[in-house]
Amino acid sequence: MQIEGAPIRGATLAIRNVNGSQFVFVAGVQGVKAGRVDLDRRWHEAEAPDAQYAAVFGGDGAVFLTSREQPRVLVASEGDGRWSSLPLPSRTAEVTSIALDPFDANRMYFGTAHEGLFVWDGAALSPYEPKTVTAAAAGAGVGAWK
């Protein structure tokens, strides 16, 4: 059964829990849409980062958002209303999958199209603040790509 008012297109979907409410993220070529679904199956729109050609991935209570148009991966942890970010492993990396290491909470694996597998080792992520393209390209996160 279709959810009234929900986005009709999207390539990926992830769910995030914030303060006891579940938010659904739908991403694709036309950007990212977020919302909550009530008991009557109605979509209530919520704020989502602005990113075209985007994909969202969920894992272990976190949501990851990537976009061909931004040099960072956005990360939202379960229960936290804020987004953090980390740099992409290269300027041309197109992330196709993300997995968290079950034995090390500070390690994430990123599968990419045409560039292989990258590993992120780093505890701290930079707070996400929308920036201009020039400012975003100059930023750096705490951690290392392998």
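Laboratory data are not the source of any read-out in this text; all were calculated from the coordinates shown. These figures come from a predicted structure and were not determined experimentally. A quick note on method: Cβ atoms are made from the backbone with ideal geometry, for glycine too, and the neighbour counts reach across all protein chains shown.
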Can you give the convex hull volume per residue for the Cα atoms of segment 12-141, as a whole number of Å³?
-> 107
Whole-Hz Karplus ³J(HN,Hα) for segment 17-31, in order, using 6.51 cos²θ - 1.76 cosθ + 1.60 and θ = phi - 60°, x for Gly and Pro?
-> 9, 10, 6, x, 10, 9, 10, 9, 10, 10, 10, x, 4, 8, x
Sparse-neighbourhood loop sites, chymotrypsin sites (Phe, Trp or Tyr not before Pro) in segment 16-123 - DSSP loop, at most 10 other Cβ within 10 angstrom | Phe103
Rounded to whole Hz and in sequence order, give me ³J(HN,Hα) for segment 100-111 from the Karplus expression 6.51 cos²θ - 1.76 cosθ + 1.60, θ = phi - 60°, writing x for Gly and Pro.
-> 8, 6, x, 9, 9, 5, 9, 10, 10, 10, 10, x
Coil-residue GluC sites (Glu not before Pro) of segment 1-73, DSSP, other Cβ within 10 Å capped at 14 | Glu47, Glu69
What ranking of Thr66, Thr92, Thr112 emerges when the number of other C-beta atoms within 10 Å of each C-beta is taken as an exposure proxy, fewest first?
-> Thr92, Thr112, Thr66
J(HN,Hα) series, segment 52-60, from Karplus relation 6.51 cos²θ - 1.76 cosθ + 1.60, nearest Hz, glycine and proline x | 8, 6, 10, 9, 10, 9, x, x, 6
